[in-house]
Amino acid sequence: MRKNYLVFGQPLIEEAEIEEVVKCMRSSWLGTGPKVLAFEKLVADYKGVKHAVAVNSCTAGLHLSCLALNLKPGDEVIVPAMTFCATINSVIHAGAKPVLVDVEPDTFNMNPEEVRKKISIKTKAILPVHFAGRACNMHELSALAVEHDLRIIEDCAHAIETEYQGQKAGTIGDCGVLSFYSTKNIITGEGGMLLTNNEEIVTRVRMLALHGMSQDAWRRFSDDGYKHYEVEEVGYKYNMMDLQAAIGMHQINRVDSYWQRRMTVWQKYNAAFADLPVRLPAKFEHKSRHALHLYTLIIDESKSKVTRDQFMTALHRRNIGTGVHYRTIPVHPVYQRQFGWRPEDYPVADAIGRGTVSIPLSAKLSDEDVADVITAVREVLLTGK
Ligand SMILES: Cc1ncc(COP(=O)(O)O)c(C=O)c1O
């Protein structure tokens, strides 16, 4: 058995960002400043999008997206039942109503047919999540949006590298939001970035992200001398710090080499698990690029010798951390109370939520780590112990 614990979702942090953070500390400019601007430009260039606004989380960016689309109480936003709670909460924080739809069994992504059924006169937007980094069916979702005059916010927390038939995720809808949380494909610790080609959205988001102050208010303490500002709206404190951007501006340069490393791990897993009584991630879609954020196994209790939770405990005993992405949204009491959602009304997401487990998939994994994961997964699934 391996000696040290393999923590799930460990980021790969290299010397360049460590030195940049130290430089930032020594400069005494920790808050929003030139490093944030540099990071925004690097991400905008990578995504081929006009505007990228750095914020302190993807959740903040999703919230601001909803506000920038002028959602009002009573407006409905269609969201998938298989996602992290942040997707749903951001809609609620903006005062709108999330309307849940079931997902597709193989991709775990929002099912466009279910979306069509839930569109009402109150629907204003669709919020697809490119789950695990696999692109949603943006062709169908965009067609629905055009047909019913809806806006699209893409939750790209898993999807920095994702492309849908040549189009980059986050640039297909009205806006998209990335996450740089510590377990993501590239990281800033906490952090996110909103992408858009829309001038109105970017102007509103920049203002709301910093208390509703007039543009560039963060420069007020710069060496150009003090500048007055106006507060135009009641905004939020969602800005990213230079200290965070110091990490991100180096990580973004390695986004593709990290992806290559995860692809190698992914292919090793596919080959090593092909004969096991377990469901592997769906095959890649032709012409689309998967961001390879999560490698998920679906444990079918009737076929495997273990339940999902027993599998996780057995891996934990072998010093290997795993994760669950996610239990379906309607299992959470707050949503049951507030919206009356029941897991059985979204059966596909419910089944995924009961069987899914994510195994380590990070650029930080050594060949030895990968071999340990493979041995442990095989042993547990074949012996039940
Ligand atoms: C699908 C999805 N959306 C949104 C978020 C929120 O990201 P953040 O932690 O950067 O706010 C996450 C985080 O894990 C996520 O998985």
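The values are calculated or read from the model by the stated rules, or taken from the named source; none is laboratory data. Small disclaimer: the values here were computed from a predicted structure and weren't measured. A quick note on method: Cβ atoms are made from the backbone with ideal geometry, for glycine too, and the neighbour counts reach across all protein chains shown. Areas reflect the complete protein model, heavy atoms only, side chains present, ligands, DNA and RNA absent. Shrake-Rupley method; radii C 1.70, N 1.55, O 1.52, S 1.80 Å.
Of 83, 59, all but one fail to be assigned to a loop (DSSP other than H, G, I, E, B), crowded, with 23+ Cβ neighbours inside 10 Å and within 23 Å of the chain's Cα centre (by Cα); the exception is 83. Taking residue 126 as the residue in question, decide whether it is within 21 Å of residue 172 (Cα to Cα), in contact with a helix residue (DSSP H, G or I) (Cβ under 8 Å, 6 or more places away or on another chain) and within 16 Å of the ligand (Cβ to nearest atom). Taking the combined requirement at face value, the residue satisfies it.
Consider the stretch 179-194 and keep the residues that are near the ligand (Cβ under 8 Å from one of its atoms) and part of a strand (DSSP E or B). The one that is most open to solvent (accessible area, probe 1.4 Å) is 181. Any residue at all in the stretch 70-79 that is more than 17 Å from the chain's Cα centre (by Cα), touching a residue at least 12 places away in the same chain (Cβ under 8 Å), assigned to a strand (DSSP E or B) and closer than 15 Å to residue 201 by Cα? Checked the stretch 70-79: no residue is more than 17 Å from the chain's Cα centre (by Cα), touching a residue at least 12 places away in the same chain (Cβ under 8 Å), assigned to a strand (DSSP E or B) and closer than 15 Å to residue 201 by Cα. Can we say residue 24 is of a type in the set (A, V, I, L, M, F, W, C) and within 16 Å of the ligand (Cβ to nearest atom)? Criteria not met by residue 24.
Residue count for the stretch 194-244, restricted to those that are closer than 26 Å to residue 156 by Cβ and of a type in the set (Lys, Arg): 3. Answer yes or no: is there a residue in the stretch 31-43 that is of a type in the set (Ser, Thr, Tyr), farther than 16 Å from residue 176 by Cβ and open to solvent by 70 Å² or more (accessible area, probe 1.4 Å). For the stretch 31-43, residues of a type in the set (Ser, Thr, Tyr), farther than 16 Å from residue 176 by Cβ and open to solvent by 70 Å² or more (accessible area, probe 1.4 Å): absent. Of everything in the stretch 292-338 that is at pLDDT below 95 and of a type in the set (D, E, K, R), the residue that is nearest to the chain's Cα centre (by Cα) is 300. Close contacts from the stretch 220-231, counting a first residue that is in a helix (DSSP H, G or I) and open to solvent by 90 Å² or more (accessible area, probe 1.4 Å) and a second that is at pLDDT below 75 and not aliphatic (A, V, I, L, M), with Cβ to Cβ under 8 Å and a gap of 6+ residues or different chains, come to none at all.
Considering only residues in the stretch 195-213 that are open to solvent by less than 30 Å² (accessible area, probe 1.4 Å) and part of a loop (DSSP other than H, G, I, E, B), the one that is nearest to the ligand (Cβ to nearest atom) turns out to be 209. Only a single criterion out of (1) open to solvent by less than 30 Å² (accessible area, probe 1.4 Å); (2) over 16 Å from residue 71 (Cβ atoms); (3) in contact with a strand residue (DSSP E or B) (Cβ under 6 Å, 6 or more places away or on another chain) is not satisfied by residue 164, namely (3). Just one of the listed residues (322, 356, 296, 328) is under 30 Å from residue 98 (Cα atoms), touching an Asp or Glu at 6+ places or on another chain (Cβ under 8 Å) and within 16 Å of the ligand (Cβ to nearest atom), and it is 328.
Considering 265, 334, the condition of being within 23 Å of residue 46 (Cβ to Cβ), of a type in the set (A, V, I, L, M) and not in a loop (DSSP other than H, G, I, E, B) is satisfied by 265 alone.
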